Protein chains: 2
Amino acid sequence: MNCKLFLWSILMGLAMISCQQRKETSVSMEGDVPQVRVFDKGNKITNANFTGTAWLQMLVDADSLNQNSVGSVTFEPGARTNWHSHPNGQIILTLSGKGFYQEEGSPKRILKKGDAVKCPANTPHWHGASTDEEFVQVAITSRIDGPTQWLDKVTDDIYLK
Amino acid sequence: MNCKLFLWSILMGLAMISCQQRKETSVSMEGDVPQVRVFDKGNKITNANFTGTAWLQMLVDADSLNQNSVGSVTFEPGARTNWHSHPNGQIILTLSGKGFYQEEGSPKRILKKGDAVKCPANTPHWHGASTDEEFVQVAITSRIDGPTQWLDKVTDDIYLK
């Protein structure tokens with residue numbers, strides 16, 4: 001192989017590696033935003049009913065005839081709600097990422113994009129992100145028979161079990 | 001340029017074009033599915049309350065304590081519901097595509113990814129895809145005070161206005 005051919009081969013090899021790397025980046029992200037994000041992240045949740053960092057984008061407020069509130073919650077890795085229950089239950093729709101959901105007395109479940117959970121009325125439960133991946137969910141909460149009952153924090157022991 | 005170098009250049013050029021094409025394809029689609037699709041399309045809707053082709057993936061059924069049903073509806077271009085109303089209103093979340101929404105007596109609105117609509121109780125309205133783009137929405141419907149009231153078809157005149 002002559003010198004020119006050798007150099008040409010090296011250059012083309014580097015160009016192909018660069019092309020492959022750009023492809024992988026563009027599939028998973030749009031700038032800093034995963035392509036599957038539907039709603040804005042909204043505002044950082046600052047109340048004491050959460051562990052870690054989570055964000056709330058309210059989408060619909062309840063009124064006297066339609067007593068559902070709807071919000072999109074983005075949990076950063078490790079973030080989760082406290083244990084809580086709802087007099088009329090709660091509906092959770094997973095939009096993206098990997099999350100955890102657990103009802104009292106049942107094993108922790110993994111939630112992925114497209115999963116829908118119907119949490120029964122008056123059943124203590126918690127939900128949040130997995131340890132290594134953001135989790136985005138829509139929560140649909142009826143207030144006909146009263147507001148959310150907030151309970152204890154989810155300890156690291158329970159969260160990691 | 002010798003013959004070997006010329007052939008090598010042609011081969012590397014073809015390889016890079018191939019790499020670029022794979023990149024563009026993988027950004028916009030996952031197989032036949034756009035990356036923004038969260039839920040399955042579900043089953044083709046065959047009742048007479050729709051015009052055109054629409055698909056329903058039921059996510060949550062109502063029960064006695066949580067009387068909300070939740071479903072993801074995919075409207076193909078041109079498809080729309082009939083006029084209808086709900087005793088407790090309806091919540092619509094836009095997941096992807098471009099859709100139309102209109103309440104009786106108000107102008108038609110355009111819906112895009114991330115839009116949330118709260119349709120008031122007992123208000124005739126319709127929703128569906130635009131003429132040239134699929135529209136995917138989640139519908140959250142409470143049945144506390146009764147089921148959906150289905151009304152007339154949305155004529156082409158109204159749809160295109």
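Label position 7 Å from Cα toward Cβ: report the copy-to-copy distances for B:Gly52 in nm, one decimal, ordered from shortest.
4.1
For the pairs B:Lys98/B:Lys118; A:Lys41/B:Lys44; B:Lys41/B:Lys118; A:Lys112/B:Lys98; A:Lys118/B:Lys98; A:Lys108/A:Lys153, note any where the Cα-Cα span goes beyond 21 Å. Write down the numbers at each step before the final one.
Details: B:Lys98/B:Lys118 18 Å; A:Lys41/B:Lys44 33 Å; B:Lys41/B:Lys118 23 Å; A:Lys112/B:Lys98 25 Å; A:Lys118/B:Lys98 29 Å; A:Lys108/A:Lys153 15 Å.
Pairs exceeding the cut-off: A:Lys41/B:Lys44; B:Lys41/B:Lys118; A:Lys112/B:Lys98; A:Lys118/B:Lys98.
Under a point spin-label approximation (7 Å from Cα along Cα-to-Cβ), what is the A:Arg143-A:Met58 distance to one decimal in nm?
Each label point is offset 7 Å from its Cα along the Cβ direction, giving 0.8 nm.
In µm²/s, what is D for region A:83-153 at 37 °C and 0.692 mPa s, where D = kT/(6 pi eta Rh) by Stokes-Einstein and Rh is the Kirkwood radius from Cα pairs? The partial results should precede the final answer.
On the way: Rh = 12.3 Å.
D = 267 µm²/s.
Tell me the volume per residue, in Å³, of the convex hull enclosing the alpha carbons of region B:32-123. Please list the in-between numbers first.
Working: hull volume 11.0 nm³, N = 92.
Dividing the Cα hull volume of region B:32-123 by its residues yields 120 Å³.
Read-outs: derived from the displayed coordinates by stated rules, not from any lab. Since the model is a prediction, treat every value here as computed from it, not as a measurement. Heads up, the Cβs are rebuilt from the backbone with ideal geometry, glycines too, and the neighbour counts pull from every protein chain shown.
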